[in-house]
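Below is one structure, written out as structure tokens; the observations come after it.
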Amino acid sequence: DAKTTQPPSMDCAEGRAANLPCNHSTISGNEYVYWYRQIHSQGPQYIIHGLKNNETNEMASLIITEDRKSSTLILPHATLRDTAVYYCIVRPPGRNYGGSQGNLIFGKGTKLSVKP
Amino acid sequence: EAGVVQSPRYKIIEKKQPVAFWCNPISGHNTLYWYRQNLGQGPELLIRYENEEAVDDSQLPKDRFSAERLKGVDSTLKIQPAELGDSAVYLCASSLSAGPTEAFFGQGTRLTVV
């Protein structure tokens, strides 16, 4: 089962920052926080991931709280093309692990609608 | 470099018929996943491979679903016989390893069972 809680939907005005929250209160010390998004009729697309520190790449920023129980994905200047379902996933490192520890488990995500 | 390639993109079959989906992962990627996605839901993991070994197939309905990854490269997911409830999008993904790396997804195969 997914270990994260996300709001089912959010709206954002085009050009404004989109801040997508995620609660993961049961996260373990070695589990990473991943974000993916899925645009309609496409496969999920990786956005960013982090362990403890905040991370930034060309797509987004990931802010993880100090206690690591929640995080926020920030799209700094949302465009219409950012309309998608955004998934927050917690995942153990899984390196050379068997069983379920390397799995990427999706929940229902947040449907972000960017409006003109 | 080509991404994860899946075929076919669409498939319509009658119930009780067999169907197979094919996935070609990114070259050099050891980890391969198969997911099923129903309308309005997130992807549901069916099976994960590390090279040619199925390390987690606990969510694969083994009475009708089977999968293989010969030589640790391409993979095939089969359903026999298909049921109406199997209508969904079947997604394949690959990553360098099961470690903290990104997974790349294919476009998926949309299966309709009538």
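Karplus couplings for the stretch A:63-76 from phi (6.51 cos²θ - 1.76 cosθ + 1.60, θ = phi - 60°), rounded to Hz, Gly and Pro as x? So the Karplus estimates, Gly and Pro as x, are 10, 10, 5, 4, 7, 6, 8, 8, 8, 9, 8, 10, 9, x Hz. Karplus-derived 3J(HN,Hα) values for the stretch B:77-88, using 6.51 cos²θ - 1.76 cosθ + 1.60 with θ = phi - 60°, are 10, 10, 10, 8, x, 6, 10, 4, x, 7, 4, 4 Hz; glycine and proline are entered as x.
As a test of understanding, state the convex hull volume per residue of chain B from its alpha carbons, in Å³.
Dividing the Cα hull volume of chain B by its residue count gives 96 Å³.
Each distinct pair of alpha carbons in the stretch A:4-77 adds a 1/r term; the inverse of their mean, the Kirkwood radius, is 13.0 Å.
The numbers here are math on the coordinates, done by the rules we state, and not lab data. Because the structure is a prediction, the values reported are computed rather than measured.
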